[in-house]
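Colleague: Quick one: the structure is below, and I'll ask about it shortly.
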Amino acid sequence: MGDPRRPGLRASAPRIIRSAPRGRDVHPLTLRVLSCRGGPSGGTRLVVGLGIDIVELERVARSLERWGGRLVAKLMDPEEAARLPAGPAERVRALALAIAGKEAASKALGTGWSRGVHWRDVDVRPGPPAAVRLGGGAVVAARRLGSRGEARAWLEVRGPLAVGEVRLLA
């Protein structure tokens, strides 16, 4: 019997299905919850990885003041670094958004900054619209999860924090 408060859900105990990518066991509700509208065909796409991160703007400002170009060079390739604004406040904001997006992407991949995934493998464009492009070891990690490396990103500054969310799509 269905639950009238939740159309489409059964009141009985959920069953585990085995049709997930790479034969992993997945709870049936996971497929319903972890989907994303607006793929290339306009249909629903399966989200195989989700990452969220929060970065303090003040901490980025202190790090940028202390390390300057060395910090930027470690985190970004020259092309990405060239897109940073010149003004100090705007530069801190853009760098904080990039760090939040990169960290969220590493969490969506499930690797962190290990297993061949490096900071420069994730290219963040704060937008609008925000975008994350994976390269190098990040694409290899994405393919292990059943993704071609396509991701949806949401980046925003909320008061003293930069917030990033990345959904890795199948």
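Colleague: Which of the residues that make up the stretch 60-70 are over 21 Å from the mean Cα position of the chain (by Cα), surrounded by 15 or more Cβ atoms within 10 Å (Cβ to Cβ) and of a type outside the set (G, A, S)?
Modeller: L64
Colleague: Quick check: is even one residue across the stretch 81-100 open to solvent by 20 Å² or more (accessible area, probe 1.4 Å), among the hydrophobic types (A, V, I, L, M, F, W, C) and under 16 Å from G49 (Cα atoms)?
Modeller: no
Colleague: Quick one: which residue in V157, V122, V166 is without any contact (Cβ under 8 Å) to a residue 24 or more places away in the chain, within 30 Å of L46 (Cβ to Cβ) and not hydroxyl-bearing (S, T, Y)?
Modeller: V122
Colleague: Follow-up. State which residue is modelled with the lowest pLDDT when the search covers only the stretch 101-113 and only residues that are buried (at least 17 other Cβ atoms within 10 Å of the Cβ) and not small (G, A, S).
Modeller: Only one residue fits best here, namely T111.
Colleague: Right, here's the next one. Among the residues of the stretch 130-144, how many are open to solvent by 30 Å² or more (accessible area, probe 1.4 Å) and in contact with a strand residue (DSSP E or B) (Cβ under 8 Å, 6 or more places away or on another chain)?
Modeller: The qualifying residues number 2.
Colleague: Hey, could you check the stretch 30-59 for residues that are open to solvent by 90 Å² or more (accessible area, probe 1.4 Å), at pLDDT below 95 and not charged (D, E, K, R) and say which is farthest from H118 (Cα to Cα)?
Modeller: S41
Colleague: Can you tell me which residue is most open to solvent (accessible area, probe 1.4 Å) among those in the stretch 155-170 that are β-branched (V, I, T) and out of contact with any Asp or Glu (no Cβ under 8 Å at 6 or more places or on another chain)?
Modeller: So, considering only residues that are β-branched (V, I, T) and out of contact with any Asp or Glu (no Cβ under 8 Å at 6 or more places or on another chain), the one most open to solvent (accessible area, probe 1.4 Å) is V157.
Colleague: Determine which member of the set A153, A162 is closer than 24 Å to R70 by Cβ and at pLDDT 95 or above.
Modeller: Going through A153, A162 in turn, the sole match is A162.
The values are calculated or read from the model by the stated rules, or taken from the named source; none is laboratory data. Computed from a predicted model, the values in this text were never measured in an experiment. All Cβ positions, glycine included, derive from the backbone under ideal geometry; neighbour counts span all protein chains shown. Each accessible area value is taken on the protein alone, full model and side chains, heavy atoms only, with ligands, DNA and RNA left out. Shrake-Rupley method; radii C 1.70, N 1.55, O 1.52, S 1.80 Å.
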